[in-house]
1. Going through segment A:111-163 one residue at a time, which ones are within 25 Å of A:ILE33 (Cα to Cα) and aromatic (Phe, Trp, Tyr)?
2. Select from segment B:92-128 the residues that are of a type in the set (Lys, Arg) and either at pLDDT below 95 or surrounded by fewer than 19 Cβ atoms within 10 Å (Cβ to Cβ) (or both) and list them in ascending order.
3. Just the residues that are within 14 Å of another protein chain (Cβ to nearest Cβ) and of a type in the set (Lys, Arg), please, taken from segment B:94-119.
4. Answer with yes or no whether B:ALA28 is closer than 23 Å to B:LEU171 by Cβ and modelled with pLDDT of 95 or more.
5. Has segment B:101-120 got any residue that is more than 16 Å from the chain's Cα centre (by Cα) and among the aromatic types (Phe, Trp, Tyr)?
6. Go through segment B:201-252 residue by residue and tally those that are assigned to a loop (DSSP other than H, G, I, E, B) and more than 30 Å from B:ASP117 (Cβ to Cβ).
7. Please indicate, with yes or no, whether at least one residue in segment B:70-87 is aliphatic (A, V, I, L, M) and either in contact with a Phe, Trp or Tyr (Cβ under 7 Å, 6 or more places away or on another chain) or within 14 Å of chain A (Cβ to nearest Cβ) (or both).
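The values are calculated or read from the model by the stated rules, or taken from the named source; none is laboratory data. Just so it is clear, the structure is predicted and the values come from calculations on it, not from any experiment. Here the Cβ positions follow ideal geometry from the backbone for every residue, glycine too, while neighbour counts run over all protein chains shown.
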Amino acid sequence: MNAYVDYLNILINLIEKVRDTQDDKFDRASDIIVNAIMEGKMIHFWGPGGHSSIFAEDVMYREGELACINPIIDPNISLGHGALKEVNYFERVEKMGKVIVKYNRIKAGDVMVIGSAYGVNPVCIQGALESKRVGAEVIAVTSPAFSDALDNEETRHANGKGLNEIADVYINSYSPYDDLTMKIDEMDQKFGPVGTIMQLITLKALTTTVIKKLAQKGIEVPIWKNALEKGGPEFNDRYLDQLWCKVKSM
Amino acid sequence: MKYILDYYKQVAAILDELSKQTEDYKKAGQMIADAVKNKKLIHIVGTEMHSSIAAEEIFFRAGSLANINPLYDPTFSVTHSAARSLYLKEADFCGQFLFEYYRNIQKGDLILIIDTDGIGKACKEMIEKSKEMELKVIVVTSRNFSEAVNSNCPYRNSEKINLCNMDGIDLVIDSKVPAFDTIIRFEELNINSGWVSTIANSFILNAIILAAIETIEKENIEADIWDNFYEANGLQKNEALIDKYIEKVKHI
């Protein structure tokens with residue numbers, strides 16, 4: 001069989017697993033976000049890690065996504081300013097987690113949605129702890145299969161915890177341990193990473209749930225329009241006037 | 001040592017010349033003090049490569065004003081890769097689009113535009129946008145430099161106009177930087193070295209800020225000025241200013 005068929009079948013299975021097992025988690029997480037939006041609180045989306053930062057980029061200024069959010073894309077904790085620098089070095093600077101929470105002015109009553117498939121690095125764990133300390137609710141999209149199994153002190157927070165153990169609610173993205181899904185006889189190394197896809201699919205499932213719940217409450221849902229279409233940028237101005245300076249990565 | 005001494009003497013001579021432009025600094029200082037009095041932001045941008053350093057000189061610094069909003073961007077910045085900044089000098093719209101991106105620029109604000117060679121596209125677009133938005137405009141540029149650049153230089157704006165000659169600028173301050181920014185000649189190697197622009201721009205910006213604070217003091221204007229970042233008291237005051245400006249100034 002062609003590799004693409006195997007790979008896509010594996011993904012389909014993982015997606016079905018998310019769909020069929022996380023019902024209560026999606027419900028609780030979306031309720032928390034919906035309530036916070038109705039109270040005028042800020043919803044932060046953060047992917048504290050190298051490829052994890054795509055989590056925040058994906059919902060940033062995007063047609064059909066929520067406009068009342070702060071996607072955090074930090075230059076130290078993302079791939080865009082030096083991938084190696086992030087992965088091998090800066091995501092291990094524990095203090096950075098606290099700084100990012102402080103700099104982004106995360107407040108009591110806000111919601112911090114943290115997406116990290118691995119859910120172990122010191123910045124991620126410290127950021128989650130600090131968000132809770134300031135009184136924000138923490139929702140995680142993560143895969144305990146990884147954080148439960150990883151045995152490497154150097155890449156973990158000193159407390160050894162996984163993101164799923166800290167979050168108020170976590171949704172399992174079912175990224176498998178080591179992120180890889182394909183193994184063939186012709187080579188030793190496994191391949192076919194799925195972490196980013198599973199994280200984003202789980203994130204999308206959450207934001208669509210939030211949007212539908214808001215709409216069903218009769219609220220005019222703040223959603224971006226397509227900036228490439230006529231009238232799009234002008235429509236988006238209503239949100240940008242409020243958010244442009246507050247959302248530092250905008 | 002010969003070259004160092006020579007460099008020092010020539011830099012000192014340029015600073016001496018700059019120190020005589022007191023009327024310009026007073027005027028700029030008054031414009032800044034007025035912006036502070038009217039609760040306006042003061043924007044600053046260095047619109048090409050090493051000129052962008054000047055926009056960093058007076059931002060987020062003890063003794064400077066907290067209502068300064070720099071326009072920082074990889075387009076102009078050596079720190080985000082020098083060669084691409086060089087190549088982008090030939091691109092249209094970078095100045096205009098960057099200006100439009102900064103949504104906190106409001107009618108009646110003050111903008112300082114620093115561009116040493118004074119020939120380019122981005123800086124010209126910034127000045128044109130500033131006029132359109134009825135901003136007050138101060139330009140720091142070198143007449144010597146812009147006049148010395150060949151008229152066919154690809155970095156020149158299409159009208160081949162030097163910034164110092166553009167309409168609608170409230171105040172042009174000449175940075176007196178010699179052509180191509182170098183003052184020391186190595187004959188045998190056939191190269192020039194020893195730059196002046198960063199020092200000249202920094203002197204001018206310091207002079208402007210000092211003149212502004214002098215006016216603020218004299219006219220008893222309420223101003224937000226950064227305190228010492230190394231001492232507990234100062235840090236506490238500065239933290240309150242960060243809170244005040246973090247949703248007004250993009251790069252705080």
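1. The answer is A:TYR118, and nothing else.
2. Scanning segment B:92-128 gives B:ARG103, B:LYS107.
3. Selection gives B:ARG103 alone.
4. Spelling it out, B:ALA28 is indeed closer than 23 Å to B:LEU171 by Cβ and modelled with pLDDT of 95 or more.
5. Yes - at least one qualifying residue is present in segment B:101-120.
6. Residues flagged as assigned to a loop (DSSP other than H, G, I, E, B) and more than 30 Å from B:ASP117 (Cβ to Cβ) within segment B:201-252 amount to 15.
7. yes
Yes or no, residue by residue, for (1) touching a Leu at 6+ places or on another chain (Cβ under 9 Å); (2) small (Gly, Ala, Ser); (3) on the phi < 0 side of the Ramachandran plot:
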| site | (1), (2), (3) |
| --- | --- |
| B:ARG103 | yes, no, yes |
| B:GLY108 | yes, yes, no |
| B:ILE113 | yes, no, yes |
| B:GLY118 | yes, yes, no |
| B:GLU134 | no, no, no |
